[in-house]
Every structure is written in C-alpha cells, then in structure tokens.
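The structure under discussion appears below in the form of structure tokens.
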C-alpha cells in the first residue's frame, strides 16, 4: 500500500492582534479512519464554551472529553446551558483553535490500536498473514509472530484473566494484496510456525516532524510561525514524540530547501528519513483579501 497522506485545508481569519478565529474544511483521505468520535460543544456563551468528544449524556448532566485540556468534564444541565451535537471540525477549529484541532487529530492517530492477524499459510519462501489493505499495513513493515500458549483462567470464578504468548519469529511484509499480506522471515525460528499463530506489527511510536509553515513566496510569517509552534507545543503536551526544531532545520539545510515552500510528498519523505520522523507535517499560508488560508499536508513516511 502506498504512503498515507492526509490533506487538511484551513481558513484563518485574524480578528485581533493575538486573537485568531478559525473555520476549517478538511479533505482527508485518512487510512486510519474508523468510527470518528462525536464532537460536542457545551456552552452558555461564546466565551464560556467547551468542545470535546461525547462520553455520556443523560437528563441531568453531560460528560465530554475536552480536547483542549485532554480531561473528562461533567457539566450539570441547566436552563442556560446549550448543547450542539454533533459539530463539525469546522466549528471545532473556530471554538478551540486550529492548532488544538491538528494536535488532537495527530494524538488520535498516535493512540490507535495496532491491527492484528493470523498466519494463514506457510511456504518455503513466503508466509501469508490475514492482514491486507484494510489493516493499513505496508510493504517493509515488520511483524511479530506469537505462539498463543493459552488463556490464564481464574481457578475460582473461571474468568479469563489474560493470555500467555511468546514471540517466536519476526517477518517483513513484501507485498500487500487486498485481503492478506505476503511476508518473508527475517529472524531465526525458535519454534516452528503454524497456521493460526498470532501476528501483529512491531510497536512503532509515532514521531512527528513539524516543518516551518511559510507563505507562497517562501518567507516565514507571524501566522505560520505561531501555528507551527502551537502545534508542536500541543503535541508535546499530549505526549506525542516530536522531532527537535534544530534537527528539522539541519534536514532542510541539507536538502537545500530551507527557504522553500514545503508542500510536496517527496520532500516530506526525505525530511522523515533524515530526522527519524515517520509522520511529517508541511504546509503553506496563502493570503487572500479577507483572510489567510493555511494548507497543511500530513505525510506518513
């Protein structure tokens, strides 16, 4: 499967010197997407407003996971309280800020569970596993193979408490047809592989490289610089690994693109290789008569 790219388009309208309101329109071909959480706005006024994902809602109170503070908040319902649900990412960016929305979406990607599969067939040259395009695996990705040693059961209640597994081999994907993957063995066999053995990708932490966001002429602007810094800060607060700014600068210098608008996939992939980032955020700011438009491109390397 090819590289995964998320396209994001945002319109920024500056109201005061330090106050920027956003409306956002997102076009995304996001292979990680599944059932998206419901976004809710709870407010009594524009200033007294919270946006988050819905946790629970009953006649007396509503609980949301606030995307700004990253904590659950329970609010008692009253006559003044208003609830908008679901709201779009456009509205989310307007009330929470563009950087908050981008940081939230990236942290969601970082937290997604790994796909799992089984060994389906074994030949002398290839191991077939039940993880195809829908599992979002890719050529070159490493897989661990586990021998399932059985469930651990509570002797008094009979409840299944967990399972005991041991890693017996490592594979590398060489081809990803629609419903399965072909892989080659990359480690010594400790135990003979069998059809039905568990398979899952090796743990790979998301590392994000946030590149400078310049205008159409390759120059840095207050809006672009502030947006990149805010996104980086929010990712760090959400415990998403971020490449140091100096490493990004060194990579841009090596590629001779430090004063260039970065918006193409090839440049993002090269930056990922040089910095160790497996996700690179690039973008540009395009001024219009009434507002600035930020075009952000998220490329997985």
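The values are calculated or read from the model by the stated rules, or taken from the named source; none is laboratory data. Just so you know, these numbers come straight off a predicted model, no measurement behind them. With ideal geometry, Cβ positions are generated from the backbone for all residues, glycine too; neighbour counts draw on all protein chains shown.
Observations on the structure shown:
- Test: residue in segment 214-221 that is under 25 Å from residue 274 (Cα atoms), part of a helix (DSSP H, G or I) and free of Cβ contacts under 8 Å to residues at least 40 places away in the same chain: no
- Filtered by the rule that a residue be at pLDDT below 80 and within 29 Å of the chain's Cα centre (by Cα), segment 140-162 gives a lone residue, 162.
- Counted residues, segment 83-95 - those being touching a helix residue (DSSP H, G or I) at 6+ places or on another chain (Cβ under 8 Å) and part of a helix (DSSP H, G or I): 3
- Failed item in (1) under 22 Å from residue 97 (Cβ atoms); (2) part of a strand (DSSP E or B), with residue 229 passing the rest: (2)
- If you go through segment 232-253 and keep only what is exposed (fewer than 15 other Cβ atoms within 10 Å of the Cβ) and not in a helix (DSSP H, G or I), you end up with 239, 244.
- Check on residue 169, within 25 Å of residue 140 (Cα to Cα), more than 26 Å from the chain's Cα centre (by Cα), outside the structural domain of residue 292 (by TED's automatic domain parsing) and surrounded by 14 or more Cβ atoms within 10 Å (Cβ to Cβ): yes
- Residues satisfying the stated conditions in segment 121-161, i.e. at negative phi and out of contact with any strand residue (DSSP E or B) (no Cβ under 8 Å at 6 or more places or on another chain): 123, 124, 133, 134, 155, 156, 157
Residues checked against (1) within 30 Å of residue 170 (Cβ to Cβ); (2) outside the structural domain of residue 141 (by TED's automatic domain parsing); (3) touching a residue at least 24 places away in the same chain (Cβ under 8 Å):
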residue: 54; (1), (2), (3): no, yes, yes
residue: 58; (1), (2), (3): no, yes, no
residue: 64; (1), (2), (3): no, yes, yes
residue: 68; (1), (2), (3): no, yes, yes
residue: 77; (1), (2), (3): no, yes, no
residue: 80; (1), (2), (3): no, yes, yes
residue: 92; (1), (2), (3): no, yes, yes
residue: 103; (1), (2), (3): no, yes, yes
residue: 121; (1), (2), (3): yes, no, yes
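- Only one entry in 195, 208 is in contact with a strand residue (DSSP E or B) (Cβ under 9 Å, 6 or more places away or on another chain) and part of a loop (DSSP other than H, G, I, E, B), namely 195.
- Qualifying strands (runs of 3 or more DSSP E) (wholly inside segment 1-73; at least 1 residues being at pLDDT below 50 and within 22 Å of residue 226 (Cβ to Cβ)): 5-14, 20-25
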